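What follows is a set of notes on a single structure, which appears directly below.
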Amino acid sequence: MKTRDWQKLFGEQSRLGKQLFTTTELANVSGTARRVINVEMARLVKYGVIQRYARGLYGLPEAVSPEGLVSALDPYAYMTGLYALMRHGLVTQVAAVVTCFTVRRHYHREWETPAGRIEFVCVKPPVYRREARGMAGPEQALCDFVYLALRRGTDPRSLATFRRLATLKPSRLSRVARRYPSTVARCVAALPGTQ
C-alpha cells in the first residue's frame, strides 16, 4: 500500500474509535506478509505518519492514551497508584509513571512508550482486584498506592501531597483496606482526611 492509503486507513479507523493496530491486523488489511508489513511500518514511522507504541503495536502519533495502551499490552492490568489518584484529583502531583497492577509477570517491568512510562507490578489476589473500566477507583487507588510505597520501603506521605481525601467513602475505604496487610490499613487510616 502507498503512504496515502495507510494514512486514509489509519484516519478512518481512528474516527471509528480504533487507535492501536497489531502487525497481524495490518497484514490482513493490506493482504501482504507480516515481514513486509514490518518494513512498511518502519518506513511510515521514519516519515512520521504513524508511531510505534510497543513491539507490534502501531497507531497515529499522539492519538493513543495510556489507558488504551495498557489494555493492549496486558488485558489483565489495571491502572492504579499515583496515576489513578491524579486522575481522581486526590493528589497535587502529576504522575511521571503509569503504575499498573497485574497478575501476569512481564519480561520488561517498565516500558518506555510514546504515551509515557508504564510500570507493571505483579500482585496476587486479594490485593489484585481489576475493575471493569481498567482504572482503580479512588479508594482502591489510595490503598494500592500505600501498599506499593510500603512494599518499596518508603513512607507514602513523603511521595505525594494528598487533597480531598474527605470525599472518599469511609465504608468503602474500610472494606477495600481489609484486602491488604494490616500495615496498609493503619497507614491509610493515619492519612489526614480519611477518618
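Sorting K124, K8 on the 10 Å Cβ count, fewest up front, what's the list?
Details: K124 8, K8 12.
Arranged by neighbour count, lowest to highest, K124, K8 become K124, K8.
What ranking do F145, F21, F162 get, fewest neighbouring Cβ atoms within 10 angstrom at the top?
Numbers: F145 26, F21 22, F162 18.
Lowest to highest Cβ neighbour count: F162, F21, F145.
Under the Kirkwood approximation for Rh and a Cα-based Rg, what ratio Rg/Rh is obtained for the chain?
On the way: Rg = 19.8 Å, Rh = 18.4 Å.
Rg divided by Rh gives 1.08.
Can you give the helix-only mean residue ellipticity at 222 nm for the chain, where every DSSP H stretch with n ≥ 4 adds -39500 (n - 2.57) and the sum goes over all residues, rounded to the nearest 500 deg cm²/dmol?
Numbers: 8 runs with 81 residues, N = 195.
Counting only the DSSP helices, I get -12000 deg cm²/dmol.
Please report, in whole Å³, the volume per residue of the convex hull around the C-alpha atoms of the stretch 60-120.
Numbers: hull volume 5.1 nm³, N = 61.
Normalising the Cα hull of the stretch 60-120 by residue number yields 83 Å³.
Let me know the shape class of the stretch 3-64, please: from the alpha-carbon gyration tensor, a ≥ b ≥ c as square roots of the eigenvalues, rounded when a/c is under 1.5, otherwise prolate if a/b is greater than b/c, or oblate.
Values: a/c = 1.40, a/b = 1.23, b/c = 1.13.
Verdict is rounded for the stretch 3-64.
Give me the lysines in straight-line cross-link reach of K18: C-alpha distance below 30 Å, same-chain residues under 8 apart excluded.
Here the lysines satisfying the reach criterion relative to K18 are K2, K8, K46.
Relative to the longest principal Cα axis of the chain, at what angle does helix 34-47 sit, 0 to 90 degrees, rounded to 10?
With both axes taken from Cα atoms, the answer is about 80 degrees.
What nm distance separates the two modelled labels at R105 and E12, each placed 7 Å from Cα along Cα→Cβ?
Going by the 7 Å Cα→Cβ label model, 4.4 nm.
Averaged over every viewing direction, what's the projected area of the C-alpha convex hull for the stretch 97-195? Give it in nm², one decimal, please.
Values: hull surface 27.7 nm².
Across all orientations, the stretch 97-195 yields a mean hull projection of 6.9 nm².
Given the options P66, P114, P126, state which has the largest fluctuation in a GNM of the chain using a 10 Å cut-off (strictly under) for Cα springs.
P126
Round to the nearest 0.05 the FRET efficiency obtained for R163 and C122 when R0 = 35 Å and r is the Cβ-Cβ distance.
Working: r = 30 Å, r/R0 = 0.86.
Calculated value: 0.70.
Values in this text are rule-based calculations from the coordinates and carry no lab data. Fair warning: this is a prediction, and the values are worked out from it, not measured in the lab. Cβ: placed from backbone, ideal geometry, glycine included. Neighbour counts: every protein chain shown.
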